Amino acid sequence: MSHEQLDARRMLCPMPVIKTQNKVAMMHAGDVIDVICTDPGALNDIPAWARINGHEIINTVQTDDEITITVRVGA
């Protein structure tokens, strides 16, 4: 099981979701990815994408200028 990180800072919708989708396509079920972004829309977009595609949001951390969304890859 791997734990990856994706830098999607300074990207606007829909790029954080597209980059996440592309990265997850290369991963295996059970792997974990931290998506670091600055677009507040990602707080809704990435969890919605994950739910539709069978992935799990493990954690979301928001600071003043960054958001980190941790996703466990589904089957």
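The values are calculated or read from the model by the stated rules, or taken from the named source; none is laboratory data. Please read all numbers here as calculations on a predicted model, not as lab measurements. Don't worry about glycine lacking a Cβ; one is built from the backbone with ideal geometry, like all the others, and counts go over all protein chains shown. Note: areas computed on protein heavy atoms with side chains; ligands, DNA, RNA excluded. Shrake-Rupley method; radii C 1.70, N 1.55, O 1.52, S 1.80 Å.
Quick notes on this structure:
- Carbon/sulfur fraction of accessible area - the chain, other protein chains in place, 1.4 Å, %: 51 percent
- Lys, Arg +1 and Asp, Glu -1 on Cβ, resulting dipole of the stretch 3-73 about Cα centre, debye, nearest 20: 240 debye
- Both radii are taken from the alpha-carbon atoms of the chain; with Rh as the Kirkwood radius, Rg/Rh is 0.92.
- The long axis of helix 15-24 is offset from the longest Cα principal axis of the chain by roughly 20 degrees.
- The gain in end-to-end length when the residue 64 to residue 12 segment is fully stretched comes to 17.0 nm, 0.36 nm per residue minus the alpha carbon separation.
- Simple label model, 7 Å out from Cα along Cβ direction - residue 28 to residue 56, nm: 1.7 nm
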